[in-house]
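> Take a look at this one; I'll ask things after.
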Amino acid sequence: MNPRLYPLYATIGIFLFACLVCYIQFPFMASTRVLGNLLTDNAYLGIVAVGMTIVILSGGIDLSVGSVIAFSGVFIAVMLRDSGLPAPVIMALLLVVTTLFGAAMGGLIHALAMPPFIVTLAGMFLARGAAYMLTIDSVPIVDPFYDRLQDAYYLMPGKGRLTLIGVLMLASVAVGMIVAHRTRFGASVFALGGGVQTARLMGVRVGRTTVGIYAFSGFMAGLSGIVFSVYTGSGYPLATVGTELTAIAAVVIGGTLLTGGSGFVFGTLIGVMTMGLIQTYIVFDGSLSSWWTKIVIGGLLLLFIVLQKGLLRLTTTRLASPQAGAPV
Amino acid sequence: MLLTIRSLTKTFPGTKALDGVRFDLRAGEVHALLGENGAGKSTLIKCLTGAYRPDAGEIRLDGQPIAPRSTSEAQELGIGTVYQEVNLLPNLTVAQNLCFGREPRRFGMVSSREMKRMAQDMLSGYGIDVDVSRDLGTYSVAIQQIVAIARAVALSGKVLILDEPTASLDAREVEMLFDVVRGLRDRGLGIVFVTHFLDQVFALSDRITVLRNGCHIVTEDTAALDRVRLIEHMLGRALEDEVEHRAVDHGVAGPVKPEMLAFDAMSRRGVVEPFDLRIAKGEVVGLAGLLGSGRTESAELLFGIRGTTTGTARDEVGPVRIDSPRAAIAAGFGFAPEDRKTDGIVADLSIRENIALALQARRGWARPVSRTEQARLAETYIKRLDIRTSDAEKAVGELSGGNQQKVVLARWLAMNPRFLILDEPTRGIDVGAHAEILRLIHELTAEGMSLLVISSELDELIAVSDRVIVVRDRAHVAELTGADVTTETVVRAIADHGREEVA
Ligand SMILES: Nc1ncnc2c1ncn2[C@@H]1O[C@H](COP(=O)(O)OP(=O)(O)OP(=O)(O)O)[C@@H](O)[C@H]1O
Ligand SMILES: [Mg+2]
């Protein structure tokens with residue numbers, strides 16, 4: 001078995017274990033309804049986490065995404081209210097704006113050789129501030145196109161609703177998987193995560209890739225913002241505070257190394273689902289308060305960090321042991 | 001002329017790394033690029049391959065002026081390079097590393113099956129058995145080096161550049177590499193070869209260019225140069241034969257030195273068979289053996305890097321605890337590791353800080369090493385090891401490869417341990433500094449320090465060691481003392497039973 005897949009197996013194993021626990025406690029949780037809700041409720045998180053996975057794989061971090069989601073909702077709501085442009089146009093406009101915003105951050109990170117943490121922290125305040133500039137209130141979205149989006153679902157057997165935004169999330173994961181694992185851009189992302197200097201010597205165009213990475217994350221954050229606005233039906237500048245951290249948690253629980261260079265986009269989906277499942281369990285239980293979610297997630301995070309350290313040690317001892325790769 | 005370089009100049013803050021250098025490469029030749037540590041060899045290569053932008057000068061490939069702005073552009077021009085520093089990514093699979101930038105695609109997507117096949121093709125002919133879908137980092141340094149070479153060879157349509165490719169290869173692997181290089185030369189490629197092993201220069205190269213202090217000194221046919229003149233060109237002076245003179249006189253048994261350390265039945269299952277080791281005060285014990293024979297692993301047991309399955313250590317006073325590097329350092333041990341590129345340095349810290357690092361760690365943070373003391377130490381070792389730098393405050397990452405290695409060495413020497421393990425102390429270090437280091441080893445032992453030296457260069461090992469232990473197949477198989485310490489006896493002990501047994 002290939003050791004590089006261990007974290008992914010661990011992630012899947014934990015998810016299956018969580019499913020089992022839920023099933024034993026509440027057998028009726030094993031329904032397409034719960035599944036449908038799980039996908040719908042976590043759609044915006046899953047989408048933004050895909051972008052975050054790419055960023056973290058490259059050894060970076062993007063703290064701006066939570067604010068960008070909030071900005072997106074406000075932008076759409078205010079534009080719909082004031083501009084009279086059709087909703088799809090506004091959405092396209094928004095995606096352009098957030099993608100450019102991400103690209104600009106990537107450009108700064110590369111050009112100034114600044115830590116992504118600082119640049120995206122600034123981006124976080126900027127986007128949040130921009131949302132406030134548009135409005136300080138929660139702006140409801142009233143639009144026929146939106147109504148159609150909200151009502152679009154496929155009725156699965158068992159009365160579960162596979163909503164459009166749930167499908168969009170799954171599609172984003174699929175796109176993320178292709179981008180990360182099946183393109184040259186993705187290879188460059190992993191290379192950057194392995195070491196910028198080495199990557200440069202191997203022929204990675206570092207600047208271009210960095211810009212691409214943060215642009216991708218910005219795009220995903222914008223898309224997530226659209227989904228979130230569909231989900232809540234409003235735009236509110238104070239929404240999704242701290243979502244960037246939840247996304248980072250999902251990525252790490254999904255088996256991606258926080259220091260970059262190793263991980264799987266599919267793992268991130270499982271990470272999001274695991275977190276959603278814990279949430280659902282707590283809702284079902286009813287007697288547990290919701291901060292238990294945070295505690296369990298905290299515990300899982302710790303577990304994964306320990307696991308990754310252990311794996312790292314495992315691979316380094318393999319490296320040093322004479323059997324590994326002995327010449328024939 | 002395949003490649004011509006004229007008046008190439010590159011300045012770093014405080015150093016003129018290249019000063020109007022010229023260099024010619026013919027198609028179908030192996031051209032050795034030589035010079036001391038810090039002479040500018042790697043800088044020349046990096047300017048040529050787009051990793052650095054030269055300040056001035058002209059590069060022509062096939063008569064056309066080129067100015068690659070990135071390494072990928074150079075690759076597209078048919079220049080494949082193995083850089084001196086780690087040049088592949090341990091977190092990618094072997095196949096991804098090999099095919100990086102040229103991944104086979106189907107419908108726009110990278111096809112991992114195709115890539116696997118391509119990678120296996122690239123590695124065939126190198127005689128190594130690796131699973132290309134594994135992370136490169138799980139393989140030994142030697143394998144990684146061969147993978148890097150295979151990649152560069154595949155990328156080099158016209159020019160192949162090898163910057164110290166043989167540093168971590170054993171004799172057999174070097175031979176194999178040379179066969180590959182000769183094959184490419186016969187196909188009409190131009191090959192630039194940098195090394196500090198002069199034997200390899202004479203074995204492989206057709207012409208030699210020597211750089212010194214960033215200047216072009218000479219370009220000549222290898223046949224027209226001999227070793228002594230070559231060294232003179234490199235150093236700008238003759239090399240005193242001091243090493244030979246000072247070499248341990250193995251003939252006479254000197255005064256019996258008092259025993260200082262005794263290790264009994266040290267072992268770790270599956271890594272090293274149990275061995276005993278006695279070391280006297282001021283004694284140098286050499287550890288000889290092939291790569292992967294268990295030399296480094298033995299040293300790691302002694303320094304607590306790997307836990308032991310069995311074994312005890314004691315000194316004159318009583319038992320010594322060496323179950324972790326920390327404990328070993330506290331017991332007065334030191335260990336300059338083989339893979340100094342990754343294990344050794346903090347690239348962003350200055351030379352002074354790097355040298356003071358281990359000493360500080362040993363003292364504990366409550367008793368800081370004063371700034372003046374640090375400066376004094378740095379000054380001493382910059383002089384003693386001939387570290388080429390503009391000043392002690394320069395970041396280690398900005399030194400040339402060989403000079404970085406000297407800094408790591410200096411760090412352990414500065415700790416003044418009573419027992420120091422040196423794993424390949426002269427690898428990547430030029431002939432001049434090589435002699436300096438051997439001299440330093442003699443000085444240290446005279447002061448009472450005991451050393452365990454691991455080296456693939458037998459001449460060097462024999463020159464410094466009072467005693468040589470031969471390691472084979474993860475066991476200590478022979479110990480040679482006195483008049484028995486000669487190249488032939490050691491070679492015979494290493495080769496005994498041959499390598500067939502391993503297979
Ligand atoms: N990035 C850098 N920043 C500042 N100075 C540098 C940098 N790279 C190299 N130098 C300086 O340029 C000079 C030449 O270094 P270079 O690496 O070319 O030497 P080299 O001939 O390859 O030596 P070695 O045999 O040790 O590898 C050295 O004095 C070194 O300190
Ligand atoms: Mg060099």
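> Need the full-extension length gain, B:A330 to B:A265, defined as separation in residues times 0.36 nm minus the C-alpha distance. One decimal, nm.
That pair, B:A330 and B:A265, stretches by 21.2 nm at full extension.
> Taking a ≥ b ≥ c as the square roots of the eigenvalues of the Cα gyration tensor of segment B:329-469, is the shape rounded (a/c under 1.5), prolate (a/b larger than b/c) or oblate?
Judged from the Cα gyration tensor, segment B:329-469 comes out oblate (a/c at least 1.5, b/c at or above a/b).
> As a test question: what accessible area, to the nearest 10 Å², does B:H233 have when a 1.4 Å probe is rolled over all protein chains in place?
For B:H233, solvent-accessible area is about 40 Å².
> I've got another one for you. Just to be sure I understand: if I project the alpha-carbon convex hull of segment A:141-228 onto a plane and average over all orientations, what area do I get in nm²?
7.8 nm²
> Across peptide B:97-105, how many C-beta atoms of other chains are within 10 Å of each residue C-beta, on average?
4
> List the residues of segment B:315-329 whose backbone N lies under 11 Å from a point placed 7 Å from the Cα of B:K281 along the Cα-to-Cβ direction.
B:316
> Running Debye on segment B:96-162 with equal point scatterers at the Cα sites and no solvent, what base-10 log of I(q)/I(0) appears at q = 0.14, 0.23, 0.28 Å⁻¹?
Evaluating at q = 0.14, 0.23, 0.28 Å⁻¹ gives log10 I(q)/I(0) of -0.41, -1.04, -1.35.
> Further question: Kindly identify segment A:1-96 as rounded, prolate or oblate by the Cα gyration tensor criterion: order the square roots of the eigenvalues as a ≥ b ≥ c, call it rounded if a/c is under 1.5, otherwise compare a/b with b/c, prolate if a/b is larger, else oblate.
Note, shape of segment A:1-96 comes out oblate.
> Order A:V241, B:V82 by their accessible area, 1.4 angstrom probe, all chains in place, largest first.
A:V241, B:V82
> Quick check: from the Cα gyration tensor, does segment B:346-416 come out rounded (a/c under 1.5), prolate or oblate?
prolate
> Extending each Cα 7 Å along its Cβ direction at A:N2 and A:V306, get the distance between those two points in nm, one decimal.
2.9 nm
> Tell me the per residue accessible area of the protein assembly as shown using a 1.4 Å probe; a whole number in Å² is fine.
42 Å²
> Okay, next question. Picking from A:L300, A:L155, A:L238, which is most flexible by a Gaussian network model of chain A using Cα springs under 10 Å?
Maximum among the listed residues: A:L155.
> Return the value, in Å² to the nearest 100, of accessible area buried between chains A and B (probe 1.4 Å, both sides summed).
The summed interface area works out to 3300 Å².
> Starting from the Cα of A:L121, move 7 Å in the Cα-to-Cβ direction to define the label point; list residues of segment A:56-88 whose amide nitrogen is under 17 Å from there.
It comes to A:60-67, nothing else.
> Further question: Which sequence of B:D323, B:D315, A:D41 reflects their accessible areas, 1.4 Å probe, from the largest down?
Sorted by accessible area, descending: B:D323, A:D41, B:D315.
> Would you pull out the residues with amide H under 5 Å of B:V320's amide H, same chain only if 5 or more places away, H placed 1.01 Å from N?
B:A313, B:R314, B:D315
> While we're here: Please give the helix B:401-414 orientation as an angle from the longest Cα principal axis of chain B, in degrees from 0 to 90, rounded to the nearest 10.
10 degrees
> Separate question: What is the distance, in nm, between label points placed 7 Å from the Cα along the Cα-to-Cβ direction at A:L170 and at A:D147?
The two pseudo-label positions are separated by 2.8 nm.
> Assign unit charges at the C-beta atoms only (+1 for Lys and Arg, -1 for Asp and Glu), then state the dipole size of chain A relative to its Cα centre in Debye, rounded to the nearest 20.
Magnitude of the dipole: close to 1000 debye.
> May I ask for the distance between the Cα centers of segment B:420-489 and segment B:22-53, given as a whole number of Å?
Centre-to-centre (Cα) distance: 32 Å.
> Please work out how much accessible surface A:F219 shows to a 1.4 Å probe, ignoring ligands, DNA and RNA, in Å² rounded to 10.
For A:F219, solvent-accessible area is about 80 Å².
> When the solvent-accessible surface of protein heavy atoms is calculated with a 1.4 angstrom probe, in what order do A:L302, B:L18, A:L164 fall, highest first?
Correct descending sequence by accessible area is A:L302, A:L164, B:L18.
> Determine the residues within segment B:291-316 where the difference in accessible area between the chain on its own and the full set of protein chains amounts to at least 40 Å²; count protein heavy atoms only and use a 1.4 Å probe.
Those residues are B:R306.
> Then there is this: For segment B:346-416, what is the charge dipole size about the Cα centre, in debye to the nearest 20, if Lys and Arg each add +1 at the Cβ and Asp and Glu each add -1 at the Cβ?
About 320 debye.
> Now, a different point. Against the globular-protein guess of 2.2 N^0.38 Å, express the Cα radius of gyration of the protein assembly as shown as a ratio, rounded to two decimals.
1.08
> Between B:R227 and B:E479, what FRET efficiency comes out of the Förster formula 1/(1 + (r/R0)^6) with R0 = 30 Å and r the beta carbon distance, rounded to 0.05?
Efficiency, from the Cβ-Cβ distance: 0.40.
> I need the trypsin sites (Lys or Arg not before Pro) found in segment A:153-210, filtered to DSSP loop residues with at most 12 other beta carbons within 10 Å of theirs.
Taking segment A:153-210 and a limit of 12 other Cβ atoms within 10 Å, the loop trypsin sites (Lys or Arg not before Pro) found are A:K159.
> Scattering from the C-alpha atoms of chain A alone, worked out with Debye: what is log10 I(q)/I(0) at q = 0.09 1/Å?
-0.49
> Compute a Gaussian network model of chain A, connecting alpha carbons closer than 10 Å, and tell me which residue from A:L95, A:L307, A:L201 fluctuates the most.
Residue with maximal mean-square fluctuation among A:L95, A:L307, A:L201: A:L201.
> Taking the Cβ-Cβ separation of B:N416 and B:V218 as r and a Förster radius of 60 Å, what is the calculated FRET efficiency to the nearest 0.05?
With R0 = 60 Å, the Cβ-Cβ based efficiency is 0.90.
> Moving on to the next point. Could you give log10 I(q)/I(0) at q = 0.09, 0.10, 0.12 Å⁻¹ for chain B, computed by the Debye formula over C-alpha point scatterers of equal weight, without solvent?
Relative scattering, expressed as log10 I(q)/I(0), comes to -0.67, -0.83, -1.19.
> Percent of accessible area on segment B:346-416 owned by carbon and sulfur, 1.4 Å probe?
Accessible surface attributable to carbon and sulfur in segment B:346-416 totals 51 percent.
> Which residues does a label at A:L134 reach in segment A:62-80, if reach means a backbone N under 15 Å from a point 7 Å past the Cα toward the Cβ?
Backbone N within reach: A:65-80.
The values are calculated or read from the model by the stated rules, or taken from the named source; none is laboratory data. Keep in mind the model is a prediction, meaning the values are calculated, not measured. Every residue, glycine as well, gets a Cβ built from its backbone with ideal geometry; the counts of neighbours run over all protein chains shown. Surface areas here come from the heavy atoms of the whole protein model, side chains and all, with no ligands, DNA or RNA. Shrake-Rupley method; radii C 1.70, N 1.55, O 1.52, S 1.80 Å.
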